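Take a look at the structure set out below.
The values are calculated or read from the model by the stated rules, or taken from the named source; none is laboratory data. Values in this document were obtained by computation on a predicted structure and should not be read as measured data. Heads up, the Cβs are rebuilt from the backbone with ideal geometry, glycines too, and the neighbour counts pull from every protein chain shown. To get the accessible areas, we keep the full protein, side chains included, count just its heavy atoms, and leave off ligands, DNA and RNA. Shrake-Rupley method; radii C 1.70, N 1.55, O 1.52, S 1.80 Å.
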Amino acid sequence: MHTVPLLSLAPELVHVVAQNLARKDLKNLRSTCKRLGLLLESNVLHTVVLNVNKRNFNTVIPMLQSMVADGAASRAVRHLILGSLSPRYDPHESNPSFAYISNEFIPNRRSEDGPEIGIAEREMKKYLSDCLMSLRGLHWKPEKYDEEWAQNVVVDVLESLPALQKLDVMLVHSRIALPLELLPNIREISLQEHSGLLDKSHNSQTFTSLAKMIARLPPGQLTGVHIEREWTPGGAPEAPGLHDLFQFCSADAPPVQLRHLGVKYSFVKLDQLTAPHFRHLTSLALINVMEPTEIPVVRRQPHLKALNPHKLEPEVLARQRRVGSTLSQFWLALHREGIHLESIRLDDVVPGFIEYLTFYSGIKVLDIVTAKFRNAVESDEAANQFFRDPLANHVDSLEELHIYASYEGLWCFGEHNSTSISNCKRLRILSVCVLSDGLETSLDARGDVTLASNNSIKVLIATAVSTLPLLTTLNISPSDKESNRQYRGPTMSVNHLISTRRRITRNIVAFRGPASYAKLPIITIWTRNYEPKLVSQREGDTTQWCYQEIVDPRPEEMGDEGDTQ
């Protein structure tokens with residue numbers, strides 16, 4: 001067979017070869033010679049994970065030093081996933097341990113820091129900023145034991161990054177406020193609060209800085225904002241909402257022209273302040289949105305006790321109403337403003353949302369969770385409405401449909417909604433839940449597991465093959481029993497979900513389809529992926545389709561401790 005030396009190929013073809021290699025093999029190939037080292041530099045170092053702790057600083061810091069010294073960081077690194085920046089942090093000792101001595105629990109002493117820790121910190125101070133200088137995207141999760149100087153280094157560099165366009169920060173252990181208004185070229189930003197710190201003033205300053213940045217950037221530059229505020233009880237005086245984002249925007253200034261918005265644990269309301277900035281919105285995610293209410297409860301889940309059994313103070317309720325509305329009012333306000341979305345993700349299917357879907361067509365991505373209905377009757381009524389008219393309006397545009405039914409019922413896949421789903425001919429990805437009583441199997445004469453003709457998995461795959469020609473991925477999940485909706489403890493629900501997930505997996509492995517099937521989708525169950533294969537089980541058997549688990553040839557790199565290349 002004729003072979004062609006790799007270095008004789010055009011660089012474009014070498015990159016194609018590199019894209020099909022496991023990451024470990026790609027690193028080995030890059031180390032074979034200087035020419036390939038430079039040629040494949042961007043393939044290996046485009047996205048870097050930097051996670052420094054006591055267990056790995058002896059290897060990570062020399063790597064960091066080498067990347068900066070030979071210029072690889074500035075030439076190739078474009079996206080950085082930044083974790084711990086503390087050589088003093090020992091992930092094996094993150095939680096206190098105890099010894100039981102003389103009928104008493106005595107906390108174990110932490111290991112003492114040697115002089116090498118101080119040397120490592122000095123080396124980090126020397127090279128960290130240079131490693132950040134060429135970034136276009138940063139995902140930063142400050143850790144509990146990060147020193148303030150390390151976070152200050154990152155922040156100081158952020159202010160001078162001309163190419164940084166995407167910033168994603170988890171503020172759980174942030175020790176300083178982020179001066180976001182000083183970032184000149186940001187196009188997408190994500191802030192996740194969830195702070196366990198008693199002093200939340202830094203996070204408050206960061207969100208204020210975000211609002212100043214939104215007001216300062218030219219219209220159209222900032223396209224995406226994702227905000228996850230910290231959960232607060234319904235009766236708390238704080239009322240975080242969309243209005244916070246635009247508090248510094250002048251009424252005379254052009255609107256921001258956001259295209260993508262994600263909100264969690266906030267109030268939402270469209271009015272004269274917020275609506276102008278949503279005119280160009282195409283994508284919206286609303287998770288755990290709060291609503292103004294006189295008596296705070298976990299809404300739509302009456303089996304959970306009220307968080308505050310007393311009525312709100314009038315001034316607190318008035319503040320909530322200034323920045324918040326009911327979800328139904330919000331969805332209907334979107335329609336009145338002529339804002340028709342292409343991508344929607346939400347965890348509360350309210351009547352206003354179902355009505356909103358009937359007003360237009362054109363949704364491409366729809367991702368819904370049905371956890372917040374009060375009972376089975378309310379849930380099934382909403383499911384019937386959704387699959388009848390609203391979904392029909394979007395069958396010609398839907399490319400992804402994700403329906404996560406929290407409890408078994410009419411939101412799950414079945415003969416009651418299979419026709420409605422089958423009409424979505426452009427679907428590429430479909431996520432559904434199945435009923436646990438539809439997973440029956442039996443043994444044939446040879447002792448092999450077979451699926452009944454009405455088995456939910458068998459019917460679902462047959463429906464996908466025969467009616468959804470573009471479908472490439474099918475995600476299948478279990479739902480909890482309806483009887484557990486009123487049950488406060490998690491044990492029964494967890495046991496049912498795990499048991500049903502195992503049965504679904506066994507069904508997938510037992511599935512056999514005729515060779516006449518033209519194309520079958522990849523199936524995902526939780527974290528496992530299964531691909532279709534044409535096989536014959538025994539000699540002389542006819543060829544049939546079956547599913548086999550995919551073993552990812554690439555080792556888990558992202559997030560590995562100390563993996564910087």
* When segment 478-503 is examined, which residues are found to be touching a helix residue (DSSP H, G or I) at 6+ places or on another chain (Cβ under 6 Å), open to solvent by 60 Å² or more (accessible area, probe 1.4 Å) and either within 25 Å of Pro532 (Cβ to Cβ) or in a loop (DSSP other than H, G, I, E, B) (or both)? -> Lys481
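Pick out, from segment 409-477, the strands (runs of 3 or more DSSP E) lying fully within it that include 1 or more residues that are touching a strand residue (DSSP E or B) at 6+ places or on another chain (Cβ under 6 Å) and aliphatic (A, V, I, L, M). Reasoning before the result, please.
Values: elements: 429-434, 441-443, 449-451.
It comes to 429-434, 449-451.
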* Restricting the first residue to segment 227-240 and requiring it to be at pLDDT 60 or above and in a strand (DSSP E or B), which pairs with a second residue that is hydroxyl-bearing (Ser, Thr, Tyr) and open to solvent by 30 Å² or more (accessible area, probe 1.4 Å) meet a Cβ separation below 7 Å and a spacing of at least six or different chains? -> Glu228/Tyr265
* Looking at (1) under 24 Å from Leu410 (Cβ atoms); (2) surrounded by 13 or more Cβ atoms within 10 Å (Cβ to Cβ); (3) of a type outside the set (S, T, N, Q); (4) modelled with pLDDT of 90 or more, can you tell me which one Arg506 breaks? -> (1)
* **Residue count, segment 289-324 (criterion: assigned to a loop (DSSP other than H, G, I, E, B), at pLDDT 65 or above and open to solvent by 40 Å² or more (accessible area, probe 1.4 Å))** => 5
* To do: Sort through Leu366, Leu341 and tell me the only one that's under 20 Å from the mean Cα position of the chain (by Cα), assigned to a loop (DSSP other than H, G, I, E, B) and at pLDDT 95 or above.
  => Leu341
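Rundown of residues vs (1) at pLDDT below 95; (2) touching a Lys or Arg at 6+ places or on another chain (Cβ under 9 Å); (3) assigned to a loop (DSSP other than H, G, I, E, B), yes/no style:
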| residue | (1), (2), (3) |
| --- | --- |
| Ala371 | yes, yes, yes |
| Ala382 | no, no, no |
| Gln385 | no, no, no |
| Asp396 | no, yes, yes |
| Ile403 | no, no, no |
* Asked: Taking only pairs six or more apart or across chains, which ones have beta-carbon atoms under 7 Å, a first residue in segment 14-43 that is free of Cβ contacts under 8 Å to residues at least 12 places away in the same chain and part of a helix (DSSP H, G or I), and a second residue that is of a type in the set (S, T, N, Q) and open to solvent by 40 Å² or more (accessible area, probe 1.4 Å)?
  -> Gly37/Ser31
* Of the criteria (1) over 14 Å from Arg78 (Cα atoms); (2) out of contact with any Asp or Glu (no Cβ under 7 Å at 6 or more places or on another chain), which one Cys131 fails -> (1)
* Hey, could you check segment 418-445 for residues that are open to solvent by less than 60 Å² (accessible area, probe 1.4 Å) and aliphatic (A, V, I, L, M) and say which is nearest to Asn484 (Cα to Cα)? => Leu435
* Structure fact -> Of the residues in segment 124-150, those that are open to solvent by 40 Å² or more (accessible area, probe 1.4 Å), assigned to a helix (DSSP H, G or I) and at pLDDT 85 or above number 2
* Asked: Only one residue in Val153, Val172, Val157 is part of a loop (DSSP other than H, G, I, E, B), surrounded by 15 or more Cβ atoms within 10 Å (Cβ to Cβ) and not acidic (Asp, Glu). Which one?
  -> Val172
* To do: Considering only segment 354-371, state which residues are open to solvent by 10 Å² or more (accessible area, probe 1.4 Å) and over 15 Å from Leu327 (Cβ atoms).
  => Thr358, Phe359, Tyr360, Ser361, Gly362, Lys364, Val365, Asp367
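Step by step: first the residues of segment 436-485, then only those that are among the basic types (Lys, Arg) and under 30 Å from the mean Cα position of the chain (by Cα), then the one that is nearest to Pro521 (Cα to Cα). Which residue is that?
Lys458
Answer with yes or no whether Val4 is at pLDDT below 75, in a loop (DSSP other than H, G, I, E, B) and among the aliphatic types (A, V, I, L, M). Give the steps one after another, and end with the answer.
On the way: at pLDDT below 75: yes; in a loop (DSSP other than H, G, I, E, B): yes; among the aliphatic types (A, V, I, L, M): yes.
Answer is yes for this residue.
Any idea which residue in segment 372-413 is farthest from Glu291 (Cα to Cα), counting only those that are small (Gly, Ala, Ser) and surrounded by fewer than 17 Cβ atoms within 10 Å (Cβ to Cβ)?
Kept after step one, since they are small (Gly, Ala, Ser), are these residues of segment 372-413: 376, 379, 382-383, 392, 397, 405-406, 409.
After this cut, where a residue has to be surrounded by fewer than 17 Cβ atoms within 10 Å (Cβ to Cβ) as well, the list is 376, 392, 397.
Working: Ala376: 23, Ala392: 29, Ser397: 31 Å.
So, considering only residues that are small (Gly, Ala, Ser) and surrounded by fewer than 17 Cβ atoms within 10 Å (Cβ to Cβ), the one farthest from Glu291 (Cα to Cα) is Ser397.
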